[in-house]
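Notes for the one structure printed next.
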Amino acid sequence: MLNSFYTTDATMSLQQEAGDALEERSAFFIGADSDNVSLEEDHHQLILQKANALASENCLKDAIDWFTLAMRYGPMEPEQLSTFVDCIVRNFKRKAARPDALSGQNQDAGSDSRDEVFDCPSCRSFLGEPITLACGHSYCKRCLQRRLLSKCKLCRETVRGEEKANVILCGLLEKWFPDELSRTKTICEVEGLCRKKCYKEAVSLATDVIQRDPETTALARLSRAEAYMALKQYRLALEDTEFCLESSCSTEAMFRKAMVLHEMGQVDESLQAFLQCLAVDEDFPCAKRQVEKILCDLLCPDDESVKVGVRETTQNTSPRLRSKTLVSDAQTQPLSPVKRRHQQQARAASAHPPLDNQEKRWESFDRHGLSRAHSLRVHGSDCGEEGLKRVCSAPQLGDQEKGSLLKRKLSASDTEPCLVASGSSKHKKQGVAHGSKQQTAKAKTCRSVPEELLDPIDLECSLCMRLFYEPVTTPCGHTFCKNCLERCLDHTPQCPLCKESLKEYLACRKYNVTSILDTLIKQFWSQQRAERTKSHLEETKELSDLTKNVPIFVCTMAYPTVPCPLHVFEPRYRLMIRRCMETGTRQFGMCINDPQKGFVDYGCILTIRSVHFLPDGRSVVDTIGGKRFRVLSRGMKDGYSTADIEHLEDTRVEDGDELESLQELHDEVYEQARVWFQNLKIHFHNQILQHFGPMPEREADIQATPNGPACCWWLLAVLPIDPRYQLSVLSMTSLKERLVKIQHILTYLQSIPSN
């Protein structure tokens, strides 16, 4: 963070050069005035890139200068300050990284171990209407609808917020905790009244909830604070937010207090409160959006009438300040129509940023179009004369002074990292915070599920009719066993219950276990889960055997060391490939079809090197040949063939003369194959290279592997011969016989003139 107010001469010279470069470029071309808009836009983007680069490198002072300069050449959306805000938050957190600086952060971080399974990880309140994200963690519907988080608090995965309520969890909570669910629904009614702008009714209903159950009233108080703010009763709104901060220190309470301060016109205090919120939770999107807007407003250049006041003000400043203005002609010469239009667009964009429907209720009170002085005049009774004077003077600053003022604001936040008190913390004086924390902890530990309501039927998979094993929840809110869901998606990309399309879910293939359901099953039905786990492990062990019940893909010929790419689309083979990956073997057998037996007696084991899943569930599997095998017996499992097999190996030649003769035969066949391959037509030559790769190199030891030299299998794969003939060569265990067969084929092909 900044600890002093200054601007380096090097930065100012760079800015002066930037302005001069634009003027020179405009004067160089004929008709430069007509091209001025495009030139300024290009220069504007370059300056923004420079500013963002400085911000990403943590150069806060220089970034402020360049962002201020960028505002002279064109409008800037608040979202373009995202990198700048990240830089400020990093500095804020570093300066506040002492034991007493972020009191809320320490309490929040230490509360994970005390959380109950039925608490929302975001607001620490009862889940209410739970929604399970793609990562498997569940949050209350309120936090997701209000976009209070952009990443999962537990695993940091990005939150999409398009999922529906978890049907199984909603049923369990309604059965086990009807009173808490009823209270949650009442709070939702309060927020519904706020959305309808029935603020007095919302205050009345929220007050009833607080009076009936004073121990767990954080969400009710936050909702009431929102209604109070809309009614311009800021003192009452601050009391509710401070009570929530003292009892739970939630980031939402910090954000709500910052919003109240900003609506009161206390921009300095609200900016500091928003930064405090981001320091505790850097992924709080609403707070980041507000900081972006405030900074954009502080950096935005003023109109001509204000610049006149700037010139008068600068005459009374010290020579040191006057020498550090941006570019003198920006304050003495009238603005061009193009620049004036850009500045008007910038102010309009800052005053009326585009909002989606779900964020409007959070940001509807943010009025950047009104000056802070005007806001304080309207609500002067709440803010005080001193604050009015301080804020009224802010709009009289020019571009350079605004950047300097921003540096001082950020410097002040370094020395005062904690939330600014509003003078209404009477609860803290009475010791309410300590008592509220004890009451909240007591309420959490007392929550338990009545034993008479525990029924394993409530947690049965609707597909296998057994207790969930690795329960997975789809975006439509339905839960199934992971294996059951995957097998259904092998056949159709739709939810088995509601038939909603799951194409996007299938394309991501993130079948993460629903953590809360898995925890409940472990806690209440541990014995049944142990039995399910045992049967699953036995099945996995059976599938992992490389000689018993080996899965067989009945398709084409495969050979050792030769790549064999596969396009898998049949549901049975999709299941087979997935099981090979899950068990870790990554292997299966490949055989060609036999009309009588189903598949032939000899084949080759394929090892999966990679699998590329397509969005519709199909996959492209990259495999390579391994060991050869002979089929001993045949079977069937879940639609695909299996077999008990034995592996084949070449018979080793030990006699020296025989081995020398074998080596000579190998060298002769290799040279003959090389000549044949080189003399192929370019079309066939390129096709072979594309599908099978180049011809393997000559091997020094032709008996180094049980399958013999790789060149034999490569030749067998590329030679245009009948698969039955290839199969006969594959089944041979004599390298000499195999070389002789290949030599006969090559001699025949070379004798054909057309070849």
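Taking the stated definitions as given, is Thr642 hydroxyl-bearing (Ser, Thr, Tyr), open to solvent by less than 10 Å² (accessible area, probe 1.4 Å), part of a strand (DSSP E or B) and over 21 Å from Pro563 (Cβ atoms)?
Details: hydroxyl-bearing (Ser, Thr, Tyr): yes; open to solvent by less than 10 Å² (accessible area, probe 1.4 Å): yes; part of a strand (DSSP E or B): yes; over 21 Å from Pro563 (Cβ atoms): yes.
Yes.
Kindly indicate which of Thr217, Thr241 is surrounded by 15 or more Cβ atoms within 10 Å (Cβ to Cβ), within 20 Å of Ser270 (Cβ to Cβ) and of a type in the set (Val, Ile, Thr). Spell out the reasoning first.
On the way: Thr217 fails: within 20 Å of Ser270 (Cβ to Cβ).
Criteria check complete, one pass: Thr241.
Name the pairs: first residue in region 723-745 and open to solvent by less than 40 Å² (accessible area, probe 1.4 Å), second residue among the β-branched types (Val, Ile, Thr) and assigned to a helix (DSSP H, G or I), Cβ to Cβ under 7 Å, at least 6 apart or on different chains?
Matching pairs, first to second residue: Arg738/Val729; Leu739/Val669; Ile742/Val669; Gln743/Val669.
If you scan region 210-243, which residues turn out to be farther than 14 Å from Leu148 by Cβ, part of a helix (DSSP H, G or I) and modelled with pLDDT under 85?
The initial filter retains those residues of region 210-243 that are farther than 14 Å from Leu148 by Cβ, namely 210-217, 220-221, 224-225, 227-243.
Next cut, part of a helix (DSSP H, G or I) only: 210-212, 220-221, 224-225, 227-230, 234-243.
Within region 210-243, Arg212 is the sole residue that qualifies.
Go through region 489-542 residue by residue and tally those that are within 21 Å of Glu162 (Cβ to Cβ), of a type outside the set (Val, Ile, Thr) and out of contact with any His (no Cβ under 9 Å at 6 or more places or on another chain).
Summing the residues that are within 21 Å of Glu162 (Cβ to Cβ), of a type outside the set (Val, Ile, Thr) and out of contact with any His (no Cβ under 9 Å at 6 or more places or on another chain) in region 489-542 gives 16.
Considering each of Arg487, Arg532 in turn, give the residue that is more than 30 Å from Tyr725 (Cα to Cα), part of a helix (DSSP H, G or I), among the charged types (D, E, K, R) and touching a strand residue (DSSP E or B) at 6+ places or on another chain (Cβ under 7 Å). So that I can check it myself, show each step before the final result.
Values: Arg487 fails: touching a strand residue (DSSP E or B) at 6+ places or on another chain (Cβ under 7 Å).
Exactly one residue qualifies, and that residue is Arg532.
Quick one: Arg235 ticks every box in (1) open to solvent by 50 Å² or more (accessible area, probe 1.4 Å); (2) at positive phi except a single one, so which number is it?
The failed condition is (2).
Just to be sure, is Ser515 open to solvent by less than 70 Å² (accessible area, probe 1.4 Å), polar (S, T, N, Q) and over 19 Å from Ile131 (Cα atoms)?
Working: open to solvent by less than 70 Å² (accessible area, probe 1.4 Å): yes; polar (S, T, N, Q): yes; over 19 Å from Ile131 (Cα atoms): no.
The answer is no for Ser515.
So which helices (runs of 4 or more DSSP H) are wholly in region 670-739 and hold at least 1 residues that are basic (Lys, Arg)?
Qualifying helices (runs of 4 or more DSSP H): 723-730.
Can you tell me which residues in region 674-706 are within 22 Å of Leu749 (Cα to Cα), open to solvent by less than 70 Å² (accessible area, probe 1.4 Å) and over 46 Å from the mean Cα position of the chain (by Cα)?
Once the filter is applied, which keeps residues that are within 22 Å of Leu749 (Cα to Cα), open to solvent by less than 70 Å² (accessible area, probe 1.4 Å) and over 46 Å from the mean Cα position of the chain (by Cα), region 674-706 yields Val675, Trp676, Phe677, Leu680.
Of everything in region 590-645, what is in contact with an Asp or Glu (Cβ under 9 Å, 6 or more places away or on another chain), without any contact (Cβ under 8 Å) to a residue 60 or more places away in the chain and among the small types (Gly, Ala, Ser)? Give them in sequence order.
Within region 590-645, Ser610, Ser633 qualify.
Consider Ile64 carefully, then state whether it is among the aliphatic types (A, V, I, L, M), modelled with pLDDT of 80 or more, touching a Gly at 6+ places or on another chain (Cβ under 9 Å) and under 13 Å from Leu295 (Cα atoms). Write out each step before concluding.
Details: among the aliphatic types (A, V, I, L, M): yes; modelled with pLDDT of 80 or more: yes; touching a Gly at 6+ places or on another chain (Cβ under 9 Å): yes; under 13 Å from Leu295 (Cα atoms): yes.
Yes: the conditions hold for Ile64.
Are any of the residues in region 545-563 exposed (fewer than 13 other Cβ atoms within 10 Å of the Cβ) and hydrophobic (A, V, I, L, M, F, W, C)?
Step one: filter region 545-563 for residues exposed (fewer than 13 other Cβ atoms within 10 Å of the Cβ), giving 545, 547, 556.
This time we only want the ones that are hydrophobic (A, V, I, L, M, F, W, C), so: none.
The answer is no; no qualifying residue exists.
Residue-wise test of (1) modelled with pLDDT under 90; (2) within 20 Å of Thr642 (Cα to Cα); (3) more than 31 Å from the chain's Cα centre (by Cα).
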residue	(1), (2), (3)
Thr479	no, no, no
Ile516	no, no, no
Thr547	yes, yes, yes
Ile577	no, yes, no
Glu582	yes, yes, no
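Name every residue in region 181-209 that is farther than 23 Å from Asp119 by Cβ, of a type in the set (D, E, K, R) and in contact with a helix residue (DSSP H, G or I) (Cβ under 7 Å, 6 or more places away or on another chain), in order of residue number.
Of everything in region 181-209, those that are farther than 23 Å from Asp119 by Cβ, of a type in the set (D, E, K, R) and in contact with a helix residue (DSSP H, G or I) (Cβ under 7 Å, 6 or more places away or on another chain) turn out to be Arg195, Glu201.
Conditions tested, residue by residue: (1) among the aliphatic types (A, V, I, L, M); (2) in a helix (DSSP H, G or I); (3) more than 26 Å from the chain's Cα centre (by Cα).
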{"residue": "Asn52", "(1), (2), (3)": "no, yes, no"}
{"residue": "Lys61", "(1), (2), (3)": "no, yes, yes"}
{"residue": "Ile64", "(1), (2), (3)": "yes, yes, yes"}
{"residue": "Leu69", "(1), (2), (3)": "yes, yes, yes"}
{"residue": "Arg72", "(1), (2), (3)": "no, yes, yes"}
{"residue": "Gln80", "(1), (2), (3)": "no, yes, no"}
{"residue": "Val85", "(1), (2), (3)": "yes, yes, no"}
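I'm trying to understand the selection: among the residues of region 581-635, which are part of a strand (DSSP E or B), of a type outside the set (A, V, I, L, M), under 16 Å from Ser731 (Cα atoms) and open to solvent by 40 Å² or more (accessible area, probe 1.4 Å)? Let's see the steps before the verdict.
Within region 581-635, the first condition is being part of a strand (DSSP E or B), and the residues that meet it are 587-591, 593-594, 598-599, 602-613, 619-635.
The next check asks that each one be of a type outside the set (A, V, I, L, M); those that pass are 587-589, 591, 593-594, 598-599, 602-604, 607, 609-610, 612-613, 619, 622-623, 625-630, 633-635.
Next cut, under 16 Å from Ser731 (Cα atoms) only: 589, 591, 593-594, 599, 602-604, 625-630.
Once the filter is applied, which keeps residues that are part of a strand (DSSP E or B), of a type outside the set (A, V, I, L, M), under 16 Å from Ser731 (Cα atoms) and open to solvent by 40 Å² or more (accessible area, probe 1.4 Å), region 581-635 yields Asn593, Tyr602, Lys627, Arg630.
Looking at (1) at pLDDT 80 or above; (2) closer than 23 Å to Phe274 by Cβ; (3) open to solvent by 70 Å² or more (accessible area, probe 1.4 Å), which is the only condition Asn58 fails?
Looking at each condition in turn, Asn58 falls short on (3).
Can you name every residue in region 139-160 that is open to solvent by 40 Å² or more (accessible area, probe 1.4 Å) and not hydroxyl-bearing (Ser, Thr, Tyr)?
The answer is Lys141, Gln145, Arg147, Lys151, Lys153, Leu154, Cys155, Arg156, Glu157, Arg160.
The values are calculated or read from the model by the stated rules, or taken from the named source; none is laboratory data. Fair warning: this is a prediction, and the values are worked out from it, not measured in the lab. Virtual Cβ from ideal backbone geometry, glycine too; neighbours counted across all protein chains shown. All accessible areas refer to the heavy atoms of the entire protein, side chains included, with ligands and DNA or RNA removed. Shrake-Rupley method; radii C 1.70, N 1.55, O 1.52, S 1.80 Å.
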